[in-house]
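Comments concern the structure below.
The values are calculated or read from the model by the stated rules, or taken from the named source; none is laboratory data. Only a predicted model underlies this, so the values are computations on that prediction, with no experimental measurement involved. Every residue, glycine as well, gets a Cβ built from its backbone with ideal geometry; the counts of neighbours run over all protein chains shown. These area figures cover heavy atoms from the full protein model, side chains too; ligands, DNA and RNA do not enter into them. Shrake-Rupley method; radii C 1.70, N 1.55, O 1.52, S 1.80 Å.
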Amino acid sequence: MKRVAVIGGGITGVTSAYALAKRGVNVTLIERHRYAAMETSYANGGQLSASHAEVWNHKATIWNALKWMARRDAPLLLNPTPGWHKLSWFAQFLAAMPHYERNTIATARMAIAAREQLFAWAQTENIAFDHRRAGILHIYRDRRGFERAAGVSRLLAQGGLQRRAVTPQEMRAIEPTLTGDFYGGYYTDSDSTGDIHKFTSGLADACARLGVACRYGAQVTALAREHGKVRVSLGEDSTLFDAVVICAGTASRALAASLGDHVNVYPVKGYSITVQLDDEASQAAAPKVSLLDDATKLVSSRLGEDRLRVAGTAEFNGINYDIRADRIRPLLQWVEQCFPGVNTRKVIPWAGLRPMLPAMLPKVGPGKAPGVYYNTGHGHLGWTLAAATAELVAEVVASSLATNR
């Protein structure tokens, strides 16, 4: 039987391994941590959000980045220190701006396709991941933001997603605990939320039951093409595989370069807090509907009865896992302002690096060399898109292996 190595045990790697195993492929999943989903797939915002499919390649993003450069607590923070990786990434980001509409529509279509696939896998494998189908409410504090969202909604509709405009009164009917003055909102009842770590861990267990060899605590030290195969080295141990699928998040760029491919992933740091809702008053005062606040660029998701996840911000600062107090503080203040009845005595901060490509679309499919494939660069939508891209890459890999028997 043909052997395939999947590198990376986050949401994209585990879903890719599962999709391949379901097709009867002999899969080895390689992850440098002791367990699956211990980096970017550990504590994200929780949203399965086709309504958040708008790519960032828009002049509004550039304007906000310039406006916020002097603020250490800004939603988007750019370290001005120059570097070739950062400069090349932003050059390609600007070059992709003419494709903003096309890429937003394509992302929405992919997100809708991923949704049902992920739900089906969870049902098949009996994975409990605090899934809540209560929709996502985008909230806007001024007319300008609300009117711009109308244009985004038209693009999402071309991708097959319907979201409706709602008044402040309707917003409070959808989420009665929300406090503050808002101009209006957009509500997508087909979106949902869930715990990415619980799902990925559960699917990794399902992979093992399907016969996937899970190599945890294994660091890939080298990749090389050899006699029509790919040699994967883990320290002194090395194995030849018929194919390799790189799903290694921010490490994908260096791994791709060793195989002759340019996959310009940049690590964009995001932060989250998990508020423990340990008392009945906090549980009653916390939102049940998932929110996205356009002004602060923060999202919230209710995970079960006793946790509220708040996440957001984008920090362009290279490979840096530091959890900065000045970046966590706005998330905590947002909870206190919008949901004053929630007790914030017990809060767990976290930071993760989103693997972003300049055009905001993931790299899915073959590399230059035979037997090399990618499923990486999902940015802030890895949780939302993973099931669809896993199916895409698994179908390509399985078909190629069958052809080359």
### Query
For ARG148, all conditions in the list (1) open to solvent by 10 Å² or more (accessible area, probe 1.4 Å); (2) of a type in the set (D, E, K, R); (3) in contact with a Pro (Cβ under 9 Å, 6 or more places away or on another chain) hold save one; what is the number of the exception?
(3)
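Which residue is nearest to SER49 (Cα to Cα), if the candidates are limited to segment 136-179 and must be among the hydroxyl-bearing types (Ser, Thr, Tyr) and in contact with a strand residue (DSSP E or B) (Cβ under 8 Å, 6 or more places away or on another chain)?
Step one: of segment 136-179, the residues among the hydroxyl-bearing types (Ser, Thr, Tyr) are 140, 153, 167, 177, 179.
Applying the additional criterion that residues be in contact with a strand residue (DSSP E or B) (Cβ under 8 Å, 6 or more places away or on another chain) yields 140, 153, 167.
Numbers: TYR140: 17, SER153: 13, THR167: 21 Å.
In this case the residue turns out to be SER153.
Do we find that GLY185 is assigned to a strand (DSSP E or B) and within 22 Å of SER51 (Cβ to Cβ) in this structure? Let's see the steps before the verdict.
Details: assigned to a strand (DSSP E or B): yes; within 22 Å of SER51 (Cβ to Cβ): yes.
Yes: the conditions hold for GLY185.
Being open to solvent by 20 Å² or more (accessible area, probe 1.4 Å) and within 23 Å of the chain's Cα centre (by Cα) narrows it down to one of ASN79, ASN103, so name that one.
Values: ASN103 fails: open to solvent by 20 Å² or more (accessible area, probe 1.4 Å).
Unique residue meeting the criteria: ASN79.
Residue under question is ALA369, and the condition is that it be in a loop (DSSP other than H, G, I, E, B), in contact (Cβ under 8 Å) with a residue 12 or more places away in the chain and out of contact with any His (no Cβ under 6 Å at 6 or more places or on another chain); does it hold? Don't jump to the end; show me each part of the working.
Numbers: in a loop (DSSP other than H, G, I, E, B): yes; in contact (Cβ under 8 Å) with a residue 12 or more places away in the chain: yes; out of contact with any His (no Cβ under 6 Å at 6 or more places or on another chain): yes.
Taking the combined requirement at face value, the residue satisfies it.
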### Subset tally (residues that are touching a helix residue (DSSP H, G or I) at 6+ places or on another chain (Cβ under 9 Å), part of a strand (DSSP E or B) and not hydroxyl-bearing (Ser, Thr, Tyr)) for segment 275-333
15
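So which of VAL265, VAL299 is within 13 Å of GLN47 (Cα to Cα), touching a Gly at 6+ places or on another chain (Cβ under 6 Å) and of a type in the set (A, V, I, L, M)?
Details: VAL265 fails: within 13 Å of GLN47 (Cα to Cα).
Answer to the check: VAL299.
Applying the selection to segment 158-201, what residues are among the basic types (Lys, Arg) and in contact with a helix residue (DSSP H, G or I) (Cβ under 6 Å, 6 or more places away or on another chain)? Can you show your working first?
If we filter segment 158-201 for residues that are among the basic types (Lys, Arg), which is where we start, we get 163-164, 172, 198.
The answer is ARG163, and nothing else.
So which residues in segment 214-237 are part of a loop (DSSP other than H, G, I, E, B), over 19 Å from GLY371 (Cα atoms) and open to solvent by 40 Å² or more (accessible area, probe 1.4 Å), if there are any at all? Give the steps one after another, and end with the answer.
The first filter runs over segment 214-237 and keeps only residues part of a loop (DSSP other than H, G, I, E, B), leaving 217-221, 227-228, 235-236.
Keeping just the survivors that are over 19 Å from GLY371 (Cα atoms) gives 217-219, 235-236.
Once the filter is applied, which keeps residues that are part of a loop (DSSP other than H, G, I, E, B), over 19 Å from GLY371 (Cα atoms) and open to solvent by 40 Å² or more (accessible area, probe 1.4 Å), segment 214-237 yields GLY217, GLN219, GLY235, GLU236.
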### Summary
If we keep only residues of segment 113-137 that are under 19 Å from the mean Cα position of the chain (by Cα) and among the acidic types (Asp, Glu), then the residue modelled with the lowest pLDDT is GLU116
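For segment 196-213, indicate whether the set of residues that are at pLDDT 95 or above, crowded, with 19+ Cβ neighbours inside 10 Å and farther than 30 Å from ILE7 by Cα is non-empty. Lay out the reasoning, then the answer.
Residues of segment 196-213 at pLDDT 95 or above: 196-213.
Next cut, crowded, with 19+ Cβ neighbours inside 10 Å only: 196-197, 199-204, 206-207, 212.
Checking the rest, the ones that are also farther than 30 Å from ILE7 by Cα come to none.
Scanning segment 196-213 turns up no residue that is at pLDDT 95 or above, crowded, with 19+ Cβ neighbours inside 10 Å and farther than 30 Å from ILE7 by Cα.
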#### Entry: Members of segment 11-40 found to be in contact with a strand residue (DSSP E or B) (Cβ under 9 Å, 6 or more places away or on another chain) and either within 15 Å of ALA114 (Cβ to Cβ) or among the charged types (D, E, K, R) (or both), listed by number
ILE11, THR12, VAL14, THR15, SER16, TYR18, GLU31, ARG32, ARG34, GLU39
### Task
Starting from segment 348-366, keep only residues that are over 17 Å from THR313 (Cα atoms) and open to solvent by 20 Å² or more (accessible area, probe 1.4 Å), then list their pairs with residues that are assigned to a strand (DSSP E or B) and aromatic (Phe, Trp, Tyr) whose Cβ atoms are within a distance under 6 Å, requiring at least 6 positions of separation or different chains.
LYS363/TYR374; PRO366/TYR373
